[in-house]
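All remarks here apply to the structure that follows.
Each reported figure results from applying straightforward, stated rules to the coordinates on display, with no laboratory input. Here the structure is a predicted model, which means the values were calculated and not measured. Here the Cβ positions follow ideal geometry from the backbone for every residue, glycine too, while neighbour counts run over all protein chains shown.
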Ligand SMILES: Cc1cc2nc3c(=O)[nH]c(=O)nc-3n(C[C@H](O)[C@H](O)[C@H](O)COP(=O)(O)O)c2cc1C
């Protein structure tokens, strides 16, 4: 099947894969978690396969289950800056929290990454909903859900002002006159509110893309509103086509409500995948991963997430009744998703652990390249998404399989590009470079002076 519309593919990268015990597989390289060579190898495979981005999640704490899981992780700006030097086209998306960083510092770091990569930076804007990060930042409690999102919106708006604080023509490099920069075109931002006070300007010229691509993954009401106002690449987790279609229609209509073009916002659900050359090979890989599961790890993780002590129930019995989602301050949408999945599929605790260990609430699938391509195609052409976040359950092997087997199949069907369209991430995603807020003011001032 051939169509003009083509899907966006993002490679969600971590060290050993998205199945939580994939580090135990013979093909995994857990010793490489802190070595550049592992990530360089994967970024180059992803770029050769023409993935639009490599995407890194992040949190500012060590997860509780490091006893059984590869949870130590490199800091995203540092890793992506290193990858910027060894790749040429692939987008580099870092997760940074608006709850536990400051706008000036974050705007500067993203501007640096965008400059160093020649316009390939993206920012996954998160508000840090789960865990104990607050204890690493001098707070007794995390911010409440609504407060987190208020802070996120103001944070991002302020960051865009900082990136705009240098107009594109601010640098003169006029050696003869000794004029390095035109200070009329470099602006203070003078932002003062109850949350932030930032004078500006930034100490770097405007990033090549204007702003890094703004990615976002909130799925609650507040999260979807933020996505609709500022998001350009929207990560999400849905289990069924119907839920994904509903989310897609919901977010796109909210985008229109804010006067934005729905095509400016690309929605990409997660897809936790195992690919085999044959159906039986895919099932073998799936079984190998299932055998690596440590039930104690699943019980611990799920008890925390679902707010029920699962250790006191039989593994092969039903999941006990769960609390009302409205009482959940942490990742509410993921809680709801799991609650719905448990109720509709009547899962036992063991089945739930098996389901969740491969996808952490994202959709999981194991099959041949044709079957995987069929699944992706049906969601893509069925009004459920603009592309996907590909989460290989085992790394690096699962990325190699996807790149070698699935990408050519998608290309053969005309569903995925065979070459990068441009050099910046915005060009490759079909997103415009944003106008500079201060340039419009400068033009107006010039108009007044001339008149
Ligand atoms: C693909 C994907 C990746 C995510 N990565 C992160 C991450 O790296 N760090 C983080 O704190 N939250 C991450 N999240 C969680 C979201 O930011 C968000 O908190 C979650 O979807 C719940 O939405 P809500 O905050 O609106 O309730 C991710 C979500 C998705 C769907």
| At 0.692 mPa s and 37 °C, Stokes diffusion of the range 277-404 via Kirkwood alpha-carbon radius, µm² per second | 202
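Semi-axes of the range 384-451's equivalent ellipsoid from the Cα gyration tensor, sqrt of 5 times each eigenvalue, largest first, rounded to whole Å?
Numbers: eigenvalues 390, 36, 20 Å².
The equivalent ellipsoid of the range 384-451 has semi-axes of 44, 13, 10 Å.
Kirkwood-based Rg over Rh for the range 345-437 (C-alpha set), two decimals? Write down the numbers at each step before the final one.
Details: Rg = 16.7 Å, Rh = 15.7 Å.
Result: Rg/Rh = 1.06.
Considering Cα pairs under 8 angstrom that are at least six residues apart, work out the relative contact order of the range 80-215 and quote it in whole percent. List each step's numbers first, then the result.
Working: 214 pairs, mean separation 40.4, N = 136.
Computed value for the range 80-215: 30 percent relative contact order.
Determine the shape class of the range 58-176: with a ≥ b ≥ c the square roots of the Cα gyration tensor eigenvalues, call it rounded for a/c under 1.5, and otherwise prolate if a/b is greater than b/c, oblate otherwise.
Working: a/c = 2.87, a/b = 1.48, b/c = 1.94.
Oblate, since a/c reaches 1.5 and b/c is not below a/b.
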| Cα-based helix-to-principal-axis angle, 145-164 vs the chain, degrees rounded to 10 | 40
| remark: Note on the chain, DSSP bridge orientation, antiparallel percent to nearest 5 equals 15
| When the helix-only estimate is applied to the chain (DSSP H runs of n ≥ 4, each -39,500 (n - 2.57), divided by the residue count), what is the mean residue ellipticity at 222 nm, nearest 500 deg cm²/dmol? | -12000 deg cm²/dmol
| field | Extended-chain gain in nm, criterion 0.36 nm per residue less alpha-carbon gap, residue 241 and residue 147 | value | 30.7 nm
| remark: Put in order of increasing Cβ neighbours within 10 Å, starting from the fewest, 58, 401, 324, 164 give 324, 58, 401, 164
| field | Surface/4 estimate of mean projected area, convex hull on alpha-carbon atoms of the range 8-111, nm² | value | 7.4
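Can you give the Rg/Rh ratio of the chain, where Rg is from the C-alpha atoms and Rh is the Kirkwood radius? Intermediate values should be presented prior to the final figure.
On the way: Rg = 22.6 Å, Rh = 23.0 Å.
Here Rg/Rh amounts to 0.98.
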| residue 199 paired with residue 135, simple spin-label distance in nm, labels 7 Å along Cα-to-beta-carbon | 3.8
| Taking Cα pairs under 8 Å and at least six residues apart, what relative contact order does the range 1-143 come out at, in percent? | 23
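Just to verify a number: FRET efficiency for residue 44 and residue 321, C-beta to C-beta distance, R0 = 41 Å, to 0.05? If you can, show how the numbers build up before the last one.
Working: r = 48 Å, r/R0 = 1.18.
Once the sixth-power term is evaluated, E becomes 0.25.
Express the Stokes-Einstein translational diffusion coefficient of the range 118-176 in µm² s⁻¹, to the nearest whole number, given a Kirkwood radius over alpha-carbon pairs, 25 °C and a viscosity of 0.890 mPa s. Before the final figure, lay out the partial values.
On the way: Rh = 14.8 Å.
Rounded to a whole number, D works out at 166 µm²/s.
Quick one: compute a quarter of the convex hull surface over the Cα atoms of the range 211-310 and quote it in nm². Walk me through the numbers before you get to the answer.
Numbers: hull surface 38.2 nm².
Taking the Cα atoms of the range 211-310, their convex hull projects to 9.5 nm² on average.
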| field | Acute angle (nearest 10 degrees) that the helix 103-116 long axis makes with the longest principal axis of the chain, alpha-carbon atoms | value | 90
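Å³ per residue of the Cα convex hull, for the range 172-234?
Working: hull volume 7.1 nm³, N = 63.
Looking at the range 172-234, the number lands at 113 Å³ per residue.
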| note | Relative to the chain, whose Cα atoms define the longest principal axis, helix 295-306 and its Cα axis are tilted in degrees, nearest 10, by 50
| said: What would the Debye equation give as log₁₀ I(q)/I(0) for the range 301-341 at q = 0.16, 0.17, 0.19, 0.22 Å⁻¹, counting only Cα atoms as equal point scatterers? | reply: -0.38, -0.43, -0.53, -0.70
| said: Cα atoms only: what Rg and Dmax, in Å, come out for the range 1-69? | reply: 14.9, 48
| Could you give the nm distance between label points at residue 249 and residue 88, where each point is 7 Å from its Cα heading toward the beta carbon? | 4.4
